[in-house]
């Protein structure tokens, strides 16, 4: 039982030792040879060992061994010095000389949470290229009405749910997160007392293990929090992820890239050349852009059917990509972001022809899956990508994934090995990313899977999401909604802006930002108008607004650090066009932050009262308000007044207001 009143790392350690003690049923489960683990594990051999990882982390490993068959179940737990949190990963190893009996229904967590009389489940919808991607969902959990969730098609945040959950009860709660980049399954059910049962694992496991074989399962995170406000849980999770899980450089969370890209539908980078990309990048140096983003189509065969030919197009890049990456560095940029989709292999491409045994296929489907569980395939891909990163001077490796892998995995499994293809593929993915990061210090991985469809505890520990949704490019209301939804859980996501307009740019601003072609002073209205949302102010014959573009990008560079702060919603979440939306990012250590407010297109209300969060009621604050024309006005306001509510006005719809504040 996990008690929600845990408030310290020391209490978490005591809970761990009680749950993983000798002879006790641990907080995970499985069936083995047709018997439940609760009957077996307490009688098995037991070992425990601990080691200090660093000043903040300790590892505790609990090993359970079946003396009859040699099956070993290893649970590696991690504790954190400054958070009441625990993570664990289960591994199963056949240390015997024969195949094991069937191992089935593996649940990486199977435990009860003990809290108050009421339970509320908060989570976010997954990504499915919709305006309501990452929409907040709340369930009042009641006895007899369980909630069962699993993603669509084998990508961990596809459509159904982002695998981060906030269970709220009286006086606090527990954040629960899953680290598995495939087909997880979770089941939540309130009991008739003060308990909530929590169970999660792969959706399907029914397999024997060969002698010497080892498999791993989900990573589990439990993080306790206290208070009556669910945002206390959200923000404790954000702080935990920034401290221990998101990619870091020089001891701090990595700064998400500020990028520019000329690649977009329908042609992506199919017509890009070294010369065209150099010329394009030269227009963005004046904005302080840091990276050139070269997306799909730079390779032989082009997008979309050239995936599997991971070699630069000779008609566009006859000297490879190194001259381009070096050229933009000479301009003052930090480097090149390059798109790959290595797990998808189109019929007839180099990989499909030369190594057909590495590829998983389905009938009448020209899109194949590179099997990352195949040792030779994984070795080749790792070496090829590593050599390409080194040879071409790639600063940001972007990995996309635009097919559902689950049907391929299921079709490849034997009846007594169900789940093994998925396990090996996911293990291969982690090994690939870990090797690339180890070999190339400073490399940043951008994780895209048709937008944000593979976001979980494991992927966000190795990567960031610079394009979190494939929903209608640059549509501002959707972008506002995506920020409001996903920011409850994840601090390292970004998207793009199609045109230099304050409302559009502020809708897209997050910890990173991508500027699209229409930010170029040489852009043609006729060429790009079909991608501009109705809110864009650009009209035929108007001169390009260069000074406004510079002012907007300067504003982004000034405030981007605040997106790593605590997050608060100041207006109700809504996808409607006739409302206000506002949210706040607050750096508690500095007593400063930003509020971003939007009056949407069909909203008739010009003034909104915003009740700020987290400010000190006894302190005065300098407040700077920047309107749609980027005119800044200054006020000094006491924190108590901000908490009671401050009226803000946006004269025209659509319009926006960026408010910066700091203790005076």
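Nothing in this text is a laboratory measurement; each read-out follows from the coordinates by a stated rule. For clarity, every value in this text was computed on a predicted model and none was experimentally measured. All Cβ positions, even for glycine, are placed from backbone atoms using ideal geometry, and neighbour counts span all protein chains on display.
Couple of notes before you dig in:
- For the chain, calculated [θ]222 nm from helices alone, where every DSSP H run of n ≥ 4 adds -39500 (n - 2.57): -6000 deg cm²/dmol
- Each of 446, 82 was scored by other Cβ atoms within 10 Å of its Cβ. Arranged with the fewest first, they read 82, 446.
- Label-reachable residues, the range 66-90, where backbone N falls under 17 Å from a point 7 Å from residue 97's Cα toward its Cβ: 67-71
- Length-normalised contact order for the chain - Cα pairs under 8 Å, 6+ apart - percent: 11
- Contact order normalised by residue count of the range 379-509, Cα under 8 Å, 6+ apart, percent: 20
- Applying 1/(1 + (r/R0)^6) with R0 = 41 Å to the Cβ-Cβ distance of residue 619 and residue 278 gives a FRET efficiency near 0.25.
- Residue order, fewest to most beta carbons within 10 Å, for 664, 368, 440: 664, 440, 368
- In whole percents, the pair-distance distribution calculated for the range 59-134 from its alpha-carbon pairs, binned every 5 Å from zero, is 3, 10, 13, 14, 14, 14, 13, 10, 7, 3, 1.
- Under the criterion of Cα pairs below 8 Å and six or more residues apart, the relative contact order for the range 526-664 equals 23 percent.
- Alpha carbon centroid spacing (whole Å) that separates the range 585-626 from the range 1-47: 46
- Between residue 286 and residue 637, residue separation times 0.36 nm minus the direct Cα-Cα distance comes to 122.8 nm.
- The alpha-carbon positions of the chain define a convex hull whose volume is 161 Å³ per residue.
- Ranking of 507, 386, 626 by count of other Cβ atoms within 10 Å, fewest first: 386, 626, 507
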